[in-house]
Structure formats: structure tokens, C-alpha cells
1. Report whether or not Ile396 is more than 21 Å from Lys481 (Cβ to Cβ), modelled with pLDDT of 80 or more and assigned to a helix (DSSP H, G or I).
2. Residue under question is Lys468, and the condition is that it be in contact (Cβ under 8 Å) with a residue 24 or more places away in the chain, open to solvent by 30 Å² or more (accessible area, probe 1.4 Å) and of a type in the set (Lys, Arg); does it hold?
3. Determine whether Tyr219 is at pLDDT below 80, more than 30 Å from Leu620 (Cα to Cα) and open to solvent by less than 70 Å² (accessible area, probe 1.4 Å).
4. Inside the stretch 415-457, can you point out the residues that are closer than 20 Å to Met608 by Cβ and among the aromatic types (Phe, Trp, Tyr)?
5. State whether the residues of the stretch 477-484 include one that is farther than 19 Å from Tyr551 by Cα, touching an Asp or Glu at 6+ places or on another chain (Cβ under 8 Å), among the β-branched types (Val, Ile, Thr) and crowded, with 20+ Cβ neighbours inside 10 Å.
6. Need the failing condition index for Ser670 against (1) open to solvent by 50 Å² or more (accessible area, probe 1.4 Å); (2) among the polar types (S, T, N, Q); (3) in contact (Cβ under 8 Å) with a residue 60 or more places away in the chain, just the number.
7. Restricting to the stretch 37-68, name every residue that is under 33 Å from the mean Cα position of the chain (by Cα), aliphatic (A, V, I, L, M), modelled with pLDDT of 85 or more and part of a helix (DSSP H, G or I).
8. Within the group Leu446, Leu462, Leu441, which residue is touching a strand residue (DSSP E or B) at 6+ places or on another chain (Cβ under 6 Å) and over 26 Å from Ser394 (Cα atoms)?
Amino acid sequence: MAYPQAIGDTRSLYIVLEPLLDKIDFKRLKINKKRISSLESKLNEAIKEAKNPYLKGRLKKYCLNNKEIKNNLNKLKKYDPIIFITGVSCKPARYGNIPRKIAIDPEADEFFLTDKILERVQQIPEAYENILFWPVSPVMWPFIVRNNKIEHPLPKIIKKINREQEKKGSTTFGALSKSLESRYNKTNYKFYESLFDYKKALNYLIDWSPQLNELFKKYEKIERVEKEIRDISYLNNILMSFALGNIIKLLEPHKVYGYFMETSYCNKIFSLIHKSHNIEIKVLDCMRNARLSPFGECDDSAIDILDGLIRSLHQKKVGKKLKPPKRKKKETIIRISALKCHHYPFYLCANQRNCDKVTIPCAKHLIESLDEEVIELIYKDTTRHHYGIQGIESLIYRLITEDDHYITNSEGIHTSWLKERGNQKIEPLTFKSNKEIIGDLRASELSNKCDIARIISTYHKLIPIKIKKNDFAIVGDGEHKIINTQLEDKFLPNKVLEKIGLRAIKRDNYCEKFIIYRYDGITVTGHLDAAILIGSNIGIIDMKRTYLKDYKYQLLTYALGVNQMLKINPEKYYLIFVHRGYSGEVKDETPLIQVRAGSYREPIFTIMTVKKDGPLIKLLHERIKRVYKTKKKILNDKEEMLIRKSVSKKLGMCETCLSDTKQYCDYLFSRINDYKNLAQFFRVK
């Protein structure tokens, strides 16, 4: 289903929700008259556009579904309580290095939240059997639990709609149930969270600059573009709140609960329901730990709270105490004991045995070679955010001996690293670096949203100013040296590889390599952290500060560059992101005395696989061409450069820009009258 468009297609949303809507009374929301007038105007425009017969035909089955749900609400009153859940579930990402969010029906294979619920159902199915779960979505699609499966509570109405659709040769609905064994369930509907979240809509537009340019031309000023998207998102939330509010009023449930994160679009909708229908729901306080995890509502700590509520309700109903939930026994795995270094506790040492008797240089000597200022900044950052640093050898050791890493295969399905790894040999991939050049693009630019920052990334060495590096960059450079470099030929951490039957290999044979990837006449360059072989496949290990940014294109470029040089021709590529378990909750200005010291956690792995002919490679090539084309235009057109700078500033990207990039940027614009265009300034074609 291709609706609604990510920027907020209110007309499509109105068509789908129309059977559930009465009069939209904006006054009940207690907003000012000027905004009411603006919202009414947009709604009337959407209603007018919604008369499009093609659009109505494409969305007819969703309208019929909502109409039939409303007409059959009496059959759902026997279920109590109602638990409204997020309609946007974490999904192991097909094209991303972290679990991406996907808004589809609960019976679909990719809706991970129902998988997690079904896992708990197996332990005490009777506790779940009288509960009505209701995903917050434009298509009303509740589900119940029966016979260890989730099922649509009104399958007859869906089958009736399917018969009508078949007569007209139109698409029908698919699966109406799901179990842990289900496979290939057809997706019944799809929507985008950015429909209700203007910030996500803005991010979408930033990624797809052609649409942003169109809106910029239409509304002339970026403030008007942002206001337009904000108003559309707000109107969409209002439409959802009136539709869901009417449903809840008609159902008259005794208890209503909400299961979604504080930052979820669902919270916005239910706050409006409280204003428009005077309905309150109890939102489960389950997201304190989940926000530290990329899995969100699917995180086990969050599911524990949901399961606890359901068990508690069932216990009150049956009047007897229930057995506690069973916990899976953890498998015993062979691994290194990573102990804090006696001298630098943030370094997790795999060789910490009789340090006084060590006769060859170890990580302590490498850390001591750094400036005292750098060591102090690393200490503060690791202590404040509770993460430790491990050498590249220890990371490779963990990949070989552990099986608990998050991995997505090429079909986008979460799987076990142990299963994926199998009996494949894992070892460092040694090769000589390319000679360093200035290419057309740097691989890191493919993950950067600011067009000006992309240019600075490539040509910053040609800007004739000395800049002071920001603390993040200093810490990052220092940590990379500790992880990937060594000062002497003999280096104690190299011997970690011998513990798993590999040769002790110098780090510079496979770490910190300059890579060149050429595609369609465009040269992309970059420095990879480490390259390994997994069987006959290429693996790229890259250290990142956090998992919250998507770096998949950068790492895939490195992998393709290595293959282009070495002609390995693997079946797949492994993109291995090593990051700290940090969500940004602890602010960098928090005094160290307020931070619990002494907890230095091991880095976390997030792994994805890409088939050699997979769709992500095609998407990468499209992005390379698009970014290169945009970059050339900015280099040769000063007016375009000014427009892009204005857009970045108004969208708040300048506020989050790193200080070193900002210094380069400020210098370029301070000299703007001294050159015809950036190409002339950098003396490039």
C-alpha cells in the first residue's frame, strides 16, 4: 500500500478514516482561532481532493474495513481490557545497520512486536485470551490471542470484503492470523510514522532533496516549508484522534491501557483524544530501559512490563498466584575475561595477567603515547557514558566466540550470529592500502545530510585555516588509535589472535586502510577501520560513537572498494558496526561526580549482511550519483550554495554541526565575495 506519502498525505488519510469520523470540532481541542481557521482550510482542501475517484478506488478496501469494524463493535465488547499498542514496530532492517521502524499490520511477518508477544503467550496462554490488542493505525486492525496464535477478532467481515474485491479484480487482504511458525504472511496495510511526526517528515525530505527543493520553490522560505509540514502532521493527528476517540466511546471499555514509548506518535494522538473526547488511558511505564535499546517497544525489558500487567490482571480474575515467567538458560560460551587495565580502567584488557612480568609493549604503552589532554578527555567520556575500549583483536575474538549479537540477514529477518557464522573461519584480511588521493566523494558523505558539510569533508585540507578540533573528534581519534594502531612490531594485544588459532598479525596489515571505490566515473574514498574475512566473504569492522545514525552506505562502499582491489568476489558482505551502548540520555556537561563511575561496558555489535547482487548495492549506486550531482552543482553555482546553506540553517542542521566543520564553513562564507564559486576556490573541475 503506497499511502500515505511520507510528507503527510491528509487526503488519503481522510478517505480511510471517513467512515469513523463525525464532525471535526476543532474548538474541543482548545486551540486559537487563527490556527483553527488554517486547519479547517487544509481539511476542506483535503476533503475536496479526496473526491478523486482513482484515489478512492485504490483505498476502498481500507474504507470498507473501517466501516465494517465500526458496524460490528458490539461483537468486540466482550473483550476487556483494551490495550492500544504502537502500530510502528521495530523490524530487523533489510537495508539498515540498526532495527528500522515499520508500520504494517500485526499479522505480517515483519511486525516484530507480535513475535515478542507470542513468545510470552506460550508460557501462559490463558492470561492473554480475553484481551483486545489494538494497534494505533489508520486502518483499524485489532487482534486477539487464541490457541497460541494472534487472530483477527472479526474474520468474517474481512472475508466479505475480500469477496467484493475479488469480483472487481482488486487486491484483497491477506493473513488473518500469525503464530511463531508463520512465514510469508502477506502485508495487509502499510503507513509511515512520518505521517504523524513532522520531524520525521522533515528528515525524510532532507534525505530526498528533490522534494525539498519543490516545496522550497512553492513556499519560498524554509520557515513556511517547516510550518506547512508541522500543520499537516498536526491535522493528521487530529483526524486519528477523532476516529480512535469515537471507537473508544462506542466500545465503552472498563479499562484502557497504552503500550508505546513516550516519544511515540501514539502519545500525541492520545493526548488529543483526552482533549476531544475526555478519555484517559493508562500508559505503561515500560520505556525507561527500552529507550536505551534500538528495539524500543520490542525490547525484552519493555515486554516484561506488558507481560507483568497481563499476568496481574489474570491473577486478579482467577484469584490465585501464577508461576513466574520462565527464563531461557544462557548458553555457556568460551570467551576472554575483559578486565579493566590497572593503569587506565577504561581499557578492557584481554592480557591482564601478571602485568609486572610483561616484557613487550602492551596497550598501556600505546595509551601513554597520547597527549595527556586526549587521555583525560577519553577518561571523562568513557566514565560519563559507561563504556570501555577494546583492541581490534579482542573484537575479532568476540565475533568468533560469542553468538548474542544483533544481526539481520539479506531477507531482513533477525537471526542468530552463531547460526549465521556457522563454521566459517574468521581472520584479518591483510592487504596494501591504496595511495591516498582526493576523490569526488568521501564515503562518510553518503551518511551526511548537510550538503555543505559533504563538500567540507572532501576538501577541508584545501581550506587555509588552522582549526581547533572539537572534543568528540579528539576522543574519536584517540580511541581509534588505541583500537587500531600499534607503535612497535611486537605488541602484546596481537597475541590475542593466537588464543583462537590465528597468527599474531600487526594491526597496520588490516586496519586503518585508505580505500578507493570507483563507480560510473565517480571516485569515492575513505579510511576503513578494519577488514576481515568471514569464510570467503568480506567483513568491514567500523567503530561508531552510537547506533543512532545510519552508516550502512559508508561501510558498504568500503566493502565494495576492498573487493574491487582484491577481486575476492564474495557471495555477501558483512557490515559490522561496533558502538557503545549509549542513547544520549547522559548529557556531556553532567558533572562526573553525578555519574556512577567504574562501569565500563564492552562495546556492542550490530551486524548486517548484504548480498553481492542485493538491492542495497543498487540503492548505494543511486545515492552516489545523486550526492555527486548535487555536490557538483553546489561547487559550480554560488547561488545554489547559498540556498543549500539557508536550508541547512533553517532545518537546524547548523546547530548540531561539529565545531571543526562549522569553523571551515564559516570561513568559506566569510570569503564568499572573493571567489566566483567553490570550484574556483578549491581549484577543482
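The values are calculated or read from the model by the stated rules, or taken from the named source; none is laboratory data. The model shown is predicted, which means the values in this text are computed figures rather than measured ones. Please note: Cβ atoms are built from the backbone with ideal geometry, for glycine as well, and neighbour counts cover all protein chains shown. When the accessible area is computed, the model is the full protein with side chains, heavy atoms only, and any ligands, DNA or RNA have been set aside. Shrake-Rupley method; radii C 1.70, N 1.55, O 1.52, S 1.80 Å.
1. no
2. yes
3. Considered against the rule, which asks whether it is at pLDDT below 80, more than 30 Å from Leu620 (Cα to Cα) and open to solvent by less than 70 Å² (accessible area, probe 1.4 Å), Tyr219 comes out as yes.
4. Residue satisfying the conditions is Trp417 alone.
5. The answer is yes, given that some residue of the stretch 477-484 is farther than 19 Å from Tyr551 by Cα, touching an Asp or Glu at 6+ places or on another chain (Cβ under 8 Å), among the β-branched types (Val, Ile, Thr) and crowded, with 20+ Cβ neighbours inside 10 Å.
6. (3)
7. If the condition is that a residue be under 33 Å from the mean Cα position of the chain (by Cα), aliphatic (A, V, I, L, M), modelled with pLDDT of 85 or more and part of a helix (DSSP H, G or I), then Leu39, Leu43, Ala46 are the ones that fit.
8. Within the list Leu446, Leu462, Leu441, the selection yields Leu441.
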